[in-house]
Each structure stands twice: as structure tokens, then as C-alpha cells.
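These notes concern the structure reproduced below.
The values are calculated or read from the model by the stated rules, or taken from the named source; none is laboratory data. Just so we're clear, the structure is a prediction, and the values are computed from it rather than from any experiment. So basically every Cβ, Gly included, is an ideal-geometry build from the backbone, and we count neighbours across all protein chains shown.
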Amino acid sequence: HGSMFHRAPGSIGASSYPSRVWPGSRMAGHMGMRRHTVRNLRVMRVDPEKHLLVVKGSVPGPNGGYVLIRKAQV
């Protein structure tokens, strides 16, 4: 879905004037990797020997990333 030309460079500047690209032009770049909070995930199992915590549901972030677990405020 979506346009094939969304944030594609194409022609990014004008002709002889201004002979440069205006600052603030929309261009490709990295988006994401901000902190996300997921609530009400259920802890299914804790294995202290293997340092393992099994959570039911999806946890955002890359593989091997850090996850902060806090007690739910009821």
C-alpha cells in the first residue's frame, strides 16, 4: 500500500536559482527506535537458573535489546 515515490529523492533542488536544496526538505531517514511502553503483559514463567523471563504477548524492540520490567500499578 502507499505511494511508490514517498520520500524517494527524485529532483530535490530547483534549477539555476537557488542552486541548492532548501533546508527542511523531506528526505529519507531513520524513523523509530524510540522508547515504547507496553502494559498488562502477563509473566508466564520465571527461570532464575537460565536468567529467563517468559512473557505472554509481544515485546517491542530488536533481538538482544534491553527490556525494562516494572510491577503494574493496580
Kindly indicate the residue of region 36-45 that is in contact with a strand residue (DSSP E or B) (Cβ under 7 Å, 6 or more places away or on another chain) and loosely packed, with under 10 Cβ neighbours inside 10 Å and also farthest from Arg70 (Cα to Cα) among those meeting that condition.
Arg45
If you go through region 34-57 one residue at a time, do you hit one that is in a loop (DSSP other than H, G, I, E, B), among the small types (Gly, Ala, Ser) and at pLDDT below 85?
no
Within region 8-62, can you find the residues that are on the phi < 0 side of the Ramachandran plot, polar (S, T, N, Q) and over 26 Å from the mean Cα position of the chain (by Cα)?
Ser11, Ser15, Ser16
